[in-house]
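Right, one structure below, let's go through it.
The values are calculated or read from the model by the stated rules, or taken from the named source; none is laboratory data. Nothing here was measured: the structure is a model prediction, and the numbers come from that model. Neighbour counts run over all protein chains shown; Cβ positions are idealised from the backbone, glycine included. These accessible areas exclude ligands, DNA and RNA; they are computed on the full protein's heavy atoms, side chains included. Shrake-Rupley method; radii C 1.70, N 1.55, O 1.52, S 1.80 Å.
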Amino acid sequence: MPAPGPPIGMLAELTYRCPLQCPYCSNPIDLLKANRELDTGTWLEIFAQAADLGILQVHLSGGEPTLRRDLEDIVAALSKRAVYTNLITAGVNLDGQRIGALAAAGLDHVQISFQGASAEVTELIGKYKNGFEKKLQTARLVREARLPLTVNAPIHRHNIHQVADFIDLALQLDADRLEIANVQYYGWAYLNRAALLPALADVERQVEIVEAARENLKGILNIDFVTPDYYADYPKPCMGGWAQDAFVVIPDGTMLPCHAAQTITSLEFDNLVDKPLAEIWQSSSAFEKYRGFDWMHEPCRSCPRKELDHGGCRCQAFAVTGDAAATDPACILSPHHDALRQVAEAAVAEKSTEFSYRRI
């Protein structure tokens, strides 16, 4: 197999600490404690190696990345290397002074997650008092600082009826981009999927609303739509393909091909404290495992869509079938496709409202 090209994007999960307790979180259930987080110097060295390798953008995430007191130092270091920085935040513990400091350090973009388009739903999911009002305030401060803004709306059973309200909210906040992101079921979300999966009729109505809004708001609001795998006919090109153009680093320095890769228990992952970033990217066994097409079984190996979706999601294949090399069950050609739909239908019929809230 030819050597991989340089990566374009990096997701840096700086901490798993978070003031919210969202049950749809994709962080692992076994969360790393704060005493296992990398120190500032180690993170800066990792970012320097990433810039040397050709990284163009870094998404600063968590948990809640603003809980790191060194966030301004991290942003400044990346800005000096002309690396685009996107802050992915819950937006509940930022004030104007901190936003101004981050902007001065060179921050390029802010993405704020809204658990609901109303205070009631936001507090049900995030378990944070007055969280909705604080998010609104933060969004306005971001725009006052002349930073681009994305409103991220993770969609599930308890807020799918608010899709039109999310669109209105993004317009009210003068957002540049709205991400209607149906929840992906890994980590805490997988644990809570019976209480989160929406009904098919609601998903179909959501699609109609999003498609109409995309047409009506063309040139005004960029709307990205992450489809719900459990009702899809074909898989998404997860992360642009396994270890093709992006990677993830979690709080202790472990480097992953995607944020949920550790759910595949047959793989071993290297840590950037022990090995150079370029070496892991180019030749680690976990990164090489599902690169390209040679690992594929039928029907994926001879499918013309493999150039588009790269076989879909390995983590979802492992979660549903126990085999990470299996056809993604989101694909209509998978023998497990009907089972995935049945899981969703059974979850909706169960009408569970019991959450296991994320904790650390």
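For this structure, a couple of remarks:
- Selection status of ASP252, open to solvent by 30 Å² or more (accessible area, probe 1.4 Å) and under 30 Å from GLY54 (Cα atoms): no
- In region 162-218, the residues that are touching a helix residue (DSSP H, G or I) at 6+ places or on another chain (Cβ under 6 Å) and acidic (Asp, Glu): ASP174, ASP202
- Filter result for ARG205 (modelled with pLDDT of 95 or more, over 28 Å from PHE355 (Cα atoms) and basic (Lys, Arg)): no
- Qualifying residues in region 115-163 (those that are aliphatic (A, V, I, L, M) and farther than 28 Å from ALA201 by Cβ) - the one surrounded by the most Cβ atoms within 10 Å (Cβ to Cβ): VAL142
- Flag for LEU171 being farther than 27 Å from ARG305 by Cβ and modelled with pLDDT of 95 or more: yes
- Residue in region 345-352 that is without any contact (Cβ under 8 Å) to a residue 40 or more places away in the chain and over 30 Å from ALA201 (Cβ atoms) present: no
- Checking each residue in region 310-350 for being acidic (Asp, Glu) and modelled with pLDDT of 90 or more picks out ASP323, ASP328, ASP338, GLU345.
- Among (1) open to solvent by less than 30 Å² (accessible area, probe 1.4 Å); (2) outside any helix (DSSP H, G or I); (3) within 30 Å of ALA48 (Cα to Cα) - the single one PHE287 does not satisfy: (2)
- Verdict on THR353 being out of contact with any Pro (no Cβ under 6 Å at 6 or more places or on another chain) and either assigned to a helix (DSSP H, G or I) or modelled with pLDDT under 90 (or both): yes
- Residues that are open to solvent by 50 Å² or more (accessible area, probe 1.4 Å) and in a helix (DSSP H, G or I) within region 213-238 comprise ARG214, GLU215, ASN216, listed in sequence order.
- All positions within region 315-360 that are more than 20 Å from ALA260 (Cα to Cα) and of a type in the set (Gly, Ala, Ser): SER334, ALA339, ALA344, ALA346, ALA347, ALA349, SER352
- Members of region 308-330 found to be out of contact with any Asp or Glu (no Cβ under 6 Å at 6 or more places or on another chain), assigned to a loop (DSSP other than H, G, I, E, B) and open to solvent by less than 40 Å² (accessible area, probe 1.4 Å), listed by number: GLY311, ALA324, ALA325, ALA326, THR327, ASP328, PRO329
- Taken over region 281-325, the residue count meeting the criterion of being more than 24 Å from the chain's Cα centre (by Cα) and without any contact (Cβ under 8 Å) to a residue 24 or more places away in the chain is 6.
- Hits in region 62-91 - residues which are in a loop (DSSP other than H, G, I, E, B) and either basic (Lys, Arg) or under 19 Å from ASN27 (Cα atoms) (or both): GLY62, GLY63, GLU64, ARG68, ARG69, ARG81, ALA90, GLY91
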